[in-house]
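All remarks here apply to the structure that follows.
The values are calculated or read from the model by the stated rules, or taken from the named source; none is laboratory data. Fair warning: this is a prediction, and the values are worked out from it, not measured in the lab. Cβ: placed from backbone, ideal geometry, glycine included. Neighbour counts: every protein chain shown.
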Amino acid sequence: MTDLKKDYQKILASVQKPVIGEAGKTGTWSRLKPVIDLEKCIPAKSGKFICFNCWLYCPEAVVSREIPPKINLEYCKGCGICMEECPVNAISMEEVKFE
Amino acid sequence: MNRNFSREVENNMVNVLEIVEDEYIHPGTRMCAGCAMSLIYRFALKALGPKTILTVPASCLTVLHGMQGFCTTKLSVLHTPFATTGASASGIVASLEEKGLADEICVVAFAGDGGTTDIGIQALSGAAERGTNFIYACYDNEAYMNTGVQRSGSTPLGAFTATTPGGKTRPKKNMPKILEAHGISYVATANGSYPLDLYEKFKKARDIKGTRYIHILSACPPGWGYDPKDTIRIGRLANDTGFWPLYEISNGKFALSQPSKKFLDPAKRKDIEQYLSAQKRFSNISKQDIETYRNYIRDQWNEIKRRLENQ
């Protein structure tokens with residue numbers, strides 16, 4: 001009976017908890033970070049829920065689908081896909097310092 | 001850079017705003033920057049929803065799920081040995097049927113190309129033959145990327161890998177065709193550069209009964225040798241050159257997907273050399289191999305045309 005209990009505890013211990021930042025702060029992987037120019041950004045300029053290509057193509061899901069779109073630089077790996085996919089070139093990769 | 005504003009958004013039925021807001025993967029994973037697979041996984045899970053059980057063999061996806069003690073996915077995931085993905089899915093489905101939850105909960109096997117075309121094909125073929133009620137999704141980055149880019153059955157002709165330093169001499173295995181020959185209810189190809197099309201396919205597959213197979217081309221920056229920012233562009237080139245056509249076969253009915261429809265006309269296809277020259281793994285490809293690619297694409301599309309006309 002005690003053995004069964006021990007086994008059950010072992011199974012419970014192997015169940016993993018979902019956490020944000022399993023690999024640490026992945027924002028430190030890259031020096032260059034995307035910065036959105038709000039004067040060019042389509043949703044920010046028009047105030048309408050359109051475009052959001054940056055949200056669509058972000059592999060890390062760090063861009064939010066709101067007006068204006070926000071990027072979570074703490075976990076952004078700086079791949080630059082959003083810069084490439086922005087139809088009006090509103091995103092540029094710049095050196096950003098963050099805490 | 002892409003200047004075609006929302007090219008996909010205009011053409012597709014699903015709008016970017018219709019996709020659910022919920023994210024099922026927490027940010028801060030171990031995937032490389034610019035990995036198309038994490039984009040694929042993100043949209044696949046969005047389409048599948050919270051009532052899903054995943055079974056995953058050793059692959060890049062295991063790396064995404066993280067180390068012992070913590071994980072990045074909010075859904076239930078079962079990690080299985082390489083060769084048992086199909087069998088483990090059959091086991092999960094059997095236990096859900098026993099509990100009467102089989103209609104409610106969707107079982108999804110998510111494997112890489114090595115785990116599908118080489119090591120896991122036997123278990124997958126068995127599960128497909130048994131008609132197990134599950135979705136098998138294969139994200140195809142065309143080599144064993146997780147262990148340092150070794151050749152797999154899915155590596156295309158002429159590609160450099162750690163085990164084919166002079167370029168692979170055999171063509172890519174056509175996995176969707178093999179699965180189609182099993183007579184399963186749904187077979188589809190997808191591409192990480194078209195997340196809306198991918199989302200639709202997973203949504204559609206979720207509502208179908210029987211074995212469903214989705215083969216997704218996934219661009220890999222370190223393995224294919226290009227800058228991470230070009231991930232979406234490279235995937236689009238695979239579609240635009242006609243190398244990786246997007247189609248779906250539901251209950252024997254073949255249909256081309258929206259992003260690939262216009263490439264039925266050979267004049268609209270880009271030359272395959274654009275796709276090959278954009279990647280370092282094809283830097284030593286011979287002229288003869290490029291000609292083989294052109295013939296392969298021509299034959300592939302002729303067959304698609306024939307199928308569309310004859311049904």
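Scan segment B:44-89 residue by residue and report those that are surrounded by 24 or more Cβ atoms within 10 Å (Cβ to Cβ) and within 9 Å of another protein chain (Cβ to nearest Cβ).
B:THR72
Residues are listed down the side, and each one gets a yes or a no for (1) modelled with pLDDT of 85 or more; (2) touching a strand residue (DSSP E or B) at 6+ places or on another chain (Cβ under 9 Å); (3) assigned to a loop (DSSP other than H, G, I, E, B):
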| position | (1), (2), (3) |
| --- | --- |
| B:ARG3 | no, no, yes |
| B:MET13 | no, no, yes |
| B:GLY28 | yes, no, yes |
| B:MET31 | yes, no, yes |
| B:LEU45 | yes, yes, no |
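Look at segment B:278-287 and say how many of its residues are among the polar types (S, T, N, Q) and either surrounded by 14 or more Cβ atoms within 10 Å (Cβ to Cβ) or at pLDDT 95 or above (or both).
1
Every residue in segment B:238-295 that is touching a Lys or Arg at 6+ places or on another chain (Cβ under 7 Å), touching a residue at least 40 places away in the same chain (Cβ under 8 Å) and within 25 Å of B:GLY225 (Cα to Cα), please.
B:THR241, B:GLY242
What is the residue count in segment B:51-62 for residues that are within 13 Å of B:PHE110 (Cα to Cα) and not in a strand (DSSP E or B)?
6
In this structure, does A:LYS25 turn out to be under 20 Å from A:GLU94 (Cα atoms) and facing chain B (nearest Cβ under 8 Å)?
Answer is yes for this residue.
Are any residues in segment B:176-201 out of contact with any strand residue (DSSP E or B) (no Cβ under 7 Å at 6 or more places or on another chain) and farther than 13 Å from B:SER250 by Cβ, and if so, which ones?
If the condition is that a residue be out of contact with any strand residue (DSSP E or B) (no Cβ under 7 Å at 6 or more places or on another chain) and farther than 13 Å from B:SER250 by Cβ, then B:LYS177, B:ILE178, B:ALA181, B:HIS182, B:SER193, B:TYR194, B:PRO195, B:LEU196, B:TYR199 are the ones that fit.
Please find, among A:LYS70, A:LYS17, the residue that is surrounded by fewer than 17 Cβ atoms within 10 Å (Cβ to Cβ), closer than 20 Å to B:GLU23 by Cβ and modelled with pLDDT of 90 or more.
Just one listed residue meets the conditions, A:LYS70.
In contact with a strand residue (DSSP E or B) (Cβ under 6 Å, 6 or more places away or on another chain) and β-branched (Val, Ile, Thr): does that describe B:VAL63?
no
Does B:ASP118 satisfy the condition of being among the acidic types (Asp, Glu) and in contact with a Ser or Thr (Cβ under 7 Å, 6 or more places away or on another chain)?
Yes, satisfied.
What single numbered condition from (1) within 20 Å of B:MET31 (Cα to Cα); (2) more than 14 Å from chain A (Cβ to nearest Cβ) fails to hold for B:LYS229?
(2)
Return the residues of segment A:72-99 that are within 11 Å of another protein chain (Cβ to nearest Cβ) and either on the phi > 0 side of the Ramachandran plot or of a type in the set (Val, Ile, Thr) (or both); say none if nothing qualifies.
A:GLY78, A:GLY80, A:ILE81, A:VAL88, A:ASN89, A:ILE91
What strands (runs of 3 or more DSSP E), lying completely within segment B:123-227, carry at least 1 residues that are of a type in the set (S, T, N, Q)?
B:186-191
Here is a yes/no grid of residues against (1) acidic (Asp, Glu); (2) over 17 Å from B:PHE110 (Cβ atoms); (3) more than 13 Å from the chain's Cα centre (by Cα); (4) surrounded by fewer than 23 Cβ atoms within 10 Å (Cβ to Cβ):
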residue	(1), (2), (3), (4)
B:PRO176	no, no, no, yes
B:GLU180	yes, yes, yes, yes
B:SER193	no, yes, no, no
B:LYS203	no, no, yes, yes
B:ILE214	no, no, no, no
B:CYS220	no, no, no, no
B:LYS229	no, yes, yes, yes
B:ILE232	no, yes, yes, no
B:PHE243	no, yes, yes, yes
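Any residue in segment B:69-97 that is at negative phi sitting within a Cβ distance under 6 Å of a residue that is modelled with pLDDT under 95 and among the acidic types (Asp, Glu)? List the pairs, counting only those 6 or more apart or interchain.
B:PHE70/A:GLU22; B:THR72/A:GLU22
Give the residues of segment B:87-125 that are farther than 20 Å from B:LEU217 by Cβ, within 19 Å of the chain's Cα centre (by Cα) and of a type in the set (A, V, I, L, M), sorted by residue number.
Result: B:ALA89, B:VAL107, B:ALA123.
Name the residues in segment A:51-71 that are out of contact with any Ser or Thr (no Cβ under 8 Å at 6 or more places or on another chain) and at the interface with another protein chain (Cβ under 8 Å from one of its Cβ atoms), would you?
Residues satisfying the conditions are A:PHE52, A:LEU56, A:TYR57, A:CYS58, A:ALA61, A:VAL62, A:ARG65.
If we keep just the residues of segment A:28-46 that are closer than 22 Å to B:ALA33 by Cα and within 11 Å of another protein chain (Cβ to nearest Cβ), which is surrounded by the fewest Cβ atoms within 10 Å (Cβ to Cβ)?
A:THR28
In this structure, does A:PRO87 turn out to be over 22 Å from B:SER38 (Cβ atoms), surrounded by 15 or more Cβ atoms within 10 Å (Cβ to Cβ), touching an Asp or Glu at 6+ places or on another chain (Cβ under 9 Å) and at pLDDT 90 or above?
No: the conditions fail for A:PRO87.
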